[in-house]
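Undergrad: Got a structure for you, questions after.
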Amino acid sequence: MAANRTEVLGLTRRLIRYRSYTPGGAESTIDFISGWFEARGLETARYKGAGLHGEMSSLVVRVGSGKPRILLHGHADVVPGDEEQFEALERDGELFGRGVYDMKGALAAMMYAVEDLHVTGCDATVELLIVPDEEREHGGTKGAEVLIQNGHTGDFLITGEPTDFHIGLQAKGVLDLRVTVRGKSAHGSRPWLGKNAVLLAYEHYKRVQELPFAKERSELFPYPSINMARIVGGDVINRVPDRCTYDLDIRYLPEQDPKEITRQIRSINLPAEARVLFAHEPTYVSRNSPFVKTLREVAARHFHGNPDGVGRHGASDIVFFQRAGVPGVEFGPIGGGHHGPREFVVADSLETYRQVLVQFVQILAANGAGDGKAC
């Protein structure tokens, strides 16, 4: 156990050192991971995809050849961080570093879990899918889409997004709008003669928060998420701005209709236009799925909290696999502070996560989901 803990932590530390918030850094991370598997006698397949940030590589490692076909999904990229975050620091049982929780710690545990399954032998098929662009803004073909186009689908997917050992059954949909508000220009010394478009934009945003859709709730979510993500207005300091544009990031509930949300926003009685920049549907899987039940059973052995299904406010690559008919859940180790200055994981949870993944596959094979040979 102690040796395994050291293995996973050591690999996590190495992954954190890669500044994979740039395309070059993400590509170097993929290079390292490919070499790590090849040194252990496991072949890797790489696929190039021309996305918004240029040509980037996704990686696949497969073990086993039977049924069911389980996909483990991880992303090598992170959001930018302070320079010191790229050297992992362990203190009081917690490992700090950029991307350690989202999701290089989970990725390291997945890598060792795949090696474990290779060594023990198993009729079930497990593919580890690693993409370089999960954290990127929308635009172009994503790594997950490239993998699906090349036939990497299966019966069930686990992505190692941070969930503290809870099982993420649902994720909100995404609706990104660009709102352009019109005002009236005037000299900066006489602002009462104009209509300040920046102030009108803020008023518009406040009214969005009061619309009917913003007050709805569902079984797993208390409300949709509404974020004023960017705002641009004005050109010179001595003039009242007559135009302002702001980007609105809405994460809507699985039961909501993005067309109706857009209609409500466009009905606001202010001089504004709303244009859809991007949208994708929510994700969801049934609590009664045999894969979910097995994962819940294994997680409960190791985690004394409640590993039952939860809703996830953020989006993940699961949406692309759902479109291809592959159900999936978010499930990751314990930690906090992702995308922030104090991102961390509970160090021991990484080895536990490795064991949960291995045991999950072993149970599926032993229960006859494959050809009868346990891992």
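Values in this text are rule-based calculations from the coordinates and carry no lab data. What you are looking at is a predicted structure, and each value in this text was computed from that prediction instead of being measured. Because the Cβ atoms are built from the backbone with ideal geometry, glycine has one as well, and the counts that use them run over all protein chains shown.
Undergrad: Taking Cα atoms, how many degrees apart are the long axis of helix 23-38 and the longest axis of the chain, rounded to 10 and kept between 0 and 90?
TA: Helix 23-38 sits roughly 10 degrees off the main axis of the chain.
Undergrad: Select from Leu169, Gln256, Val361 the residue farthest towards the positive end of the dipole of the chain; place +1 on Cβ of Lys and Arg, -1 on Cβ of Asp and Glu, and compute about the Cα centre.
TA: Comparing the listed Cα positions along the dipole, Gln256 ranks first.
Undergrad: By how many degrees, 0 to 90 and rounded to 10, does the Cα axis of helix 2-16 deviate from the longest principal axis of the chain?
TA: 40
Undergrad: For segment 214-246, which trypsin sites (Lys or Arg not before Pro) pass both filters: DSSP loop (anything but H, G, I, E, B) and at most 11 other C-beta atoms within 10 Å?
TA: Of the trypsin sites (Lys or Arg not before Pro), the ones in loops of segment 214-246 whose Cβ has at most 11 other Cβ atoms within 10 Å are Arg217.
Undergrad: Additional query: With charges set only on the Cβ (+1 for Lys and Arg, -1 for Asp and Glu), what does the dipole of segment 173-280 come to about its Cα centre, in debye to the nearest 20?
TA: 520
Undergrad: Then there's this: Quick check: the angle from helix 347-366's long axis to the longest principal axis of the chain, C-alpha only, nearest 10 degrees?
TA: It is inclined by approximately 60 degrees.
Undergrad: Can you give the FRET efficiency to the nearest 0.05 for Ala366 and Glu219, using r as the Cβ-Cβ distance and R₀ = 30 Å?
TA: 0.40
Undergrad: Only Cα pairs under 8 Å and at least 6 apart count here; give the relative contact order of segment 321-367 as a rounded whole percent.
TA: Numbers: 23 pairs, mean separation 10.6, N = 47.
The normalised contact order for segment 321-367 reaches 22 percent.
Undergrad: Output the relative contact order of the chain, whole-number percent, from Cα pairs under 8 angstrom with separation of 6+ residues.
TA: 24
Undergrad: For the chain, what is Rg from Cα atoms divided by 2.2 N^0.38 Å, rounded to two decimals?
TA: 1.09
Undergrad: Report the GluC sites (Glu not before Pro) located in segment 191-239 that are in a DSSP loop and have at most 12 other Cβ atoms inside 10 Å of their Cβ, or state none.
TA: Answer in residue order: Glu210, Glu219.
Undergrad: Further question on the same structure: Explain nothing, just the number: dipole magnitude of segment 110-199 about its Cα centre with +1 on each Lys and Arg Cβ and -1 on each Asp and Glu Cβ, in debye rounded to the nearest 20. Display every interim value, and only then the final one.
TA: Values: 8 positive and 13 negative charges, 306 e Å.
Using Cβ point charges on Lys, Arg, Asp and Glu, segment 110-199 gives about 1460 debye.
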